[in-house]
Amino acid sequence: MIYSNSPKRRPVSRSSHESRNNRVINKNRHSIRELTVKQSYLLMLFYPLMFLYFEFLMKLFLGRNIFEGGYFVFFFSLSAGMFFYFICNIWKKYKLVRTLNIIVISLFAFVFLLEFFLNQFFTFFMGINAILNSGGDMVKSYLGTAVVIVLKGLYVVILYAVPLVLYCVFFKGVTSRRASSLITKVLPVFFWIIFYVIALIGVYAFSGGIVTYQEYYTSEYNISESSYRFGLVTGTRLDIQYFIFGTPKGKDDGDDIIVFPSESEMSGTSSTSSSSSVDPSSSVIPSPKIEYGYNVMDIDFDTLISKAKNDTVKSMHEYFSAQRPTQQNEYTGKFKGKNLIVITAEAFSWWAVNEKYTPTLYRMMTKGIYFTNYYQPAWGYSTSDGEYSHLTGLVPKGGVQSIYESRKNNLYFTLGHQSQRLGYFTRAYHNNSYTYYKRNETHVNLGYEKFIAMGNGLPKIDKVWPRSDLQLMEVTVDDYIDKQPFSIYYMTVSGHAQYTWVGNYMSYKHKNDVADLNLSENAAAYVACNMELDLAMKYLIERLEEAGIADDTVIVLTGDHYPYGLESNTGYKYKNFDELNGSPVETNIGIHKNCLIIWSGCLEKEEPIQVDEPTYSLDILPTMSNLFGMEYDSRLLVGRDVFAKNTTPLVLFRNYSWITDKGYYNALTQEFTPADESITVDEEYIKTISAIVKNKVKYSKYILEQNYYNILFK
C-alpha cells in the first residue's frame, strides 16, 4: 500500500465556487457600468459642444462676428445636441448606437462643410429648394472649380472632421444597454426642451431691427440671413420644415401700409408750387409748363378689394392701391419704337470698365446715360436672383430660386412681354448650358419667343471655360438684325470666376494685354476676362452701325452681382476688391456698387445725361418702360423711373440695409450715415424708410407666391 505525504484537500462546494465567480463578475460589471455612465455623461456633453464648435468655425471662416446671434446659437445648439444624443443613444444594441452616432456626426460635418464651400463660392447658404433645382447643374458646371476650392480649404475639412475622430477614439465602449434610463432618456429630453424653450423665448422677445427675430424665424425666413442669426443647425431645420409645410404667413393688416412721403413731408418744410407767369425782369420767356400724366393703369382696386376671398390678396390690393404712381416726364417715350438689347453680364462691375483695357464699355458708359451711384445687390441666389431682380423689377424671395418659382406666373411687366405685346421680334441667348438654372423653363416665360443656348440651337462655339462672349455675338446677331423692331436678351458668361490664368480661359487669352497692370493675379485676371465682353460689345455696335440702326437701337447692360469670385480664401477676404478699388471697400453695401449702361447711337449726338442719385437694378424695368413709352403701372413695381420728378431714390439690400438721397442706413449695426454733413434726419425718418423697405420686400414675395399679375391681367 502506498501512502501519500501531501496534505489532504478539502472538497470545495459548487456553491462556494460560483459565489466567488459571481463576485468577480459583478465587480467587473459594476466597473463597466461606472465607465459607461461616465462616458454617457461625457457624450451627452459632447453633442452640444460639437454643434457650438461647428457654428464657431463657420462664423470664423466666413469672417463674421462670432458673437452675432450668440444667444440663439448657444441655446439652439445645446437643444439640438441633447435631441441628437437622445435619438442616437436610446437604443439597446451597441452596433446600432455606434453606427447612428457616427452617421449623425458625419452628416452634420458634411452639411457644414457643404454650406461653407457654397457660401465661399456663391456668397449664400443653399437650402433644399436650391439644391433640388440647381444642385446637379452646379456639380456639372463647377466640378473642377469646386475641387480647387476644397483643396485650398483642406484645413477647414480637417477641422470639421475633429469631432468624428474624437468620438471614434474616446467613446468606443458607450452603449445605452448598460446606462440608466435617467441618462439615456430623462435628462436629454428634459434639457432638449428646456434649452429650446429658452431660445424660443428670445426669438419672440428680442426686436432685432427692421425685421424682428421672430420674423426671421417665421414669415421672413431665408436660409442665409436666418442662419447668420440662429446658427446653421437651426437654419437648416427651419429650411426642411418650411420646405415640407410651407413658410408661415406674416400679418397682413392695413396698419403697415405706408406711402412714401413727399419731400416736404420728410423735411418738414412746406412745398412751393412753381409759377407759370413771366418774370418781368427777365428777358427770357419761359417755356409753357407741361402737365405730365402718370405711369398708372386703370385698375379697379375697390372692386378687387370687395371681391377678394384671400386675406393676403386683399392686403395686396389695399397696399398697391395706396401707392403713389410715378409721374411721366421729358424722357417719357424718348426711345419709343426703337430696338432693344438687354444684357446681363456675368459678375460685371464698374471695376471692369477702363478707358484703356475695355474702351467700348467705357464709351458706352460715359456717352450713354451715365449712372454714377448705381448698385446691383447680391440677393442670395447668385446669377438667378440677379436676373430676376432687374428683369421683373421685384425683390427676389429669400431661400428659393425666384425666377424658377415664377416660371408659370404671369410676368406681365417684363420688357420681353411688353415688347412682345407691341409686335417686337423676341429672342433670348446664353453661351452656357440651356438647362443651367433651368432657364429652358424660365426664359420663354419672361416674354421671349425662344431661348437659345448651348444644347438647344446655339451654333457651335469653342469648348473652353468660360465661353467667349464675342463668339456669342458672332453667332447670334444675324438672327435678328434684319427683323426690326426686335427685343433681345443676353446672359453672358466670359466674366465668370475663377479669376486665375489657369482656371479662366478668357483671362488667359488676354493675359498679355493686362501685363502692365500693377495688380495681383486675381485682380488682373478679372479685368482680363472682361476684355472679352468688351470685344463682344465692340462687335455688336459695329454690326448695328453697318446696318444703319445704331441710332434706332438701345443697349442696356448691367451685372448680375458683384464679382464674389474675387473673395480671397486666405488672409483678408476683400483684399482683391481693395486692390481694384484703390482703397478699402465698405463690405456691407459698398461692395455692391456697380455699373449700369444705357446706350444708343442717338445718345452720342446729344448732351450727356448723368444720373447721380442712388439707383439700383430694380429701377431698370420702370425706367426703361418709361423711356420706351410702354404702358405700365408704376405702383406695381418695387423700383422707380429714375427720371420721375415726384419720386425719392431708394436702394434696398438683402439684409434690409438701404440708401436714399439723405444717406445710408446699415441694418446690421442700426446706424445711419448722412450723405453729407449738411443733412440731418430724425428717428421717424429712419423708421418710415425702414417700414417702406420691409413692405417692398414682403409684397414682392406675395406677387410671386400669389401670381398676382395674373389676378390683375388674366
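The values are calculated or read from the model by the stated rules, or taken from the named source; none is laboratory data. Keep in mind the model is a prediction, meaning the values are calculated, not measured. Cβ placement follows ideal geometry from the backbone for every residue including glycine, while neighbour counts extend to all protein chains displayed.
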Practice item. Mind telling me which of the residues Gln376, Gln420 ends up being touching a His at 6+ places or on another chain (Cβ under 7 Å) and modelled with pLDDT of 95 or more? Key: Gln376
Study note, to complete from the structure: Those residues of region 562-596 which are assigned to a loop (DSSP other than H, G, I, E, B), modelled with pLDDT of 90 or more and out of contact with any Ser or Thr (no Cβ under 9 Å at 6 or more places or on another chain) amount to Gly582, Ser583, Pro584, Val585, Glu586, Thr587
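Which of the following residues is within 25 Å of Tyr664 (Cβ to Cβ), in contact with a helix residue (DSSP H, G or I) (Cβ under 6 Å, 6 or more places away or on another chain) and of a type in the set (Lys, Arg): Lys397, Lys338, Lys334, Lys367?
On the way: Lys338 fails: within 25 Å of Tyr664 (Cβ to Cβ); Lys334 fails: within 25 Å of Tyr664 (Cβ to Cβ); Lys367 fails: within 25 Å of Tyr664 (Cβ to Cβ).
Within the list Lys397, Lys338, Lys334, Lys367, the selection yields Lys397.
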Exercise for review: For Ile403, state whether it is part of a helix (DSSP H, G or I) and either closer than 19 Å to Phe348 by Cβ or out of contact with any His (no Cβ under 7 Å at 6 or more places or on another chain) (or both).
Suggested key: yes
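From the list Phe121, Phe110, exactly one residue is assigned to a helix (DSSP H, G or I), surrounded by fewer than 18 Cβ atoms within 10 Å (Cβ to Cβ) and in the same structural domain as Ser227 (by TED's automatic domain parsing). Which is it? Reasoning before the result, please.
Values: Phe121 fails: surrounded by fewer than 18 Cβ atoms within 10 Å (Cβ to Cβ).
The conditions single out Phe110.
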Practice item. Please indicate, with yes or no, whether at least one residue in region 374-388 is closer than 19 Å to Tyr429 by Cβ, touching a residue at least 24 places away in the same chain (Cβ under 8 Å) and more than 11 Å from the chain's Cα centre (by Cα). Key: yes
Review point. With Arg33, Arg23 as the choices, which residue is surrounded by 13 or more Cβ atoms within 10 Å (Cβ to Cβ) and at pLDDT below 50?
Key: Arg33
Review point. So which of Tyr319, Tyr362 ends up being among the hydroxyl-bearing types (Ser, Thr, Tyr), free of Cβ contacts under 8 Å to residues at least 24 places away in the same chain and assigned to a helix (DSSP H, G or I)?
Key: Tyr362
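Residues are listed down the side, and each one gets a yes or a no for (1) within 18 Å of Phe108 (Cβ to Cβ); (2) modelled with pLDDT under 95; (3) buried (at least 18 other Cβ atoms within 10 Å of the Cβ):
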residue: Met138; (1), (2), (3): no, yes, yes
residue: Lys172; (1), (2), (3): no, yes, no
residue: Leu182; (1), (2), (3): no, yes, no
residue: Phe230; (1), (2), (3): yes, no, yes
residue: Thr234; (1), (2), (3): yes, no, yes
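Every residue, every condition in (1) aliphatic (A, V, I, L, M); (2) surrounded by 22 or more Cβ atoms within 10 Å (Cβ to Cβ), yes or no:
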| site | (1), (2) |
| --- | --- |
| Leu472 | yes, yes |
| Gln484 | no, no |
| Ile488 | yes, yes |
| Met491 | yes, yes |
| Val502 | yes, no |
| Tyr508 | no, no |
| Lys511 | no, no |
| Glu521 | no, no |
Check your understanding: Can you spot a residue in region 392-404 that is surrounded by fewer than 24 Cβ atoms within 10 Å (Cβ to Cβ) and of a type in the set (A, V, I, L, M)?
Key -> no
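Looking at Asn89, is it closer than 16 Å to Val156 by Cα and surrounded by 19 or more Cβ atoms within 10 Å (Cβ to Cβ)? Reasoning before the result, please.
On the way: closer than 16 Å to Val156 by Cα: no; surrounded by 19 or more Cβ atoms within 10 Å (Cβ to Cβ): yes.
No; evaluated as a whole, the condition is false for this residue.
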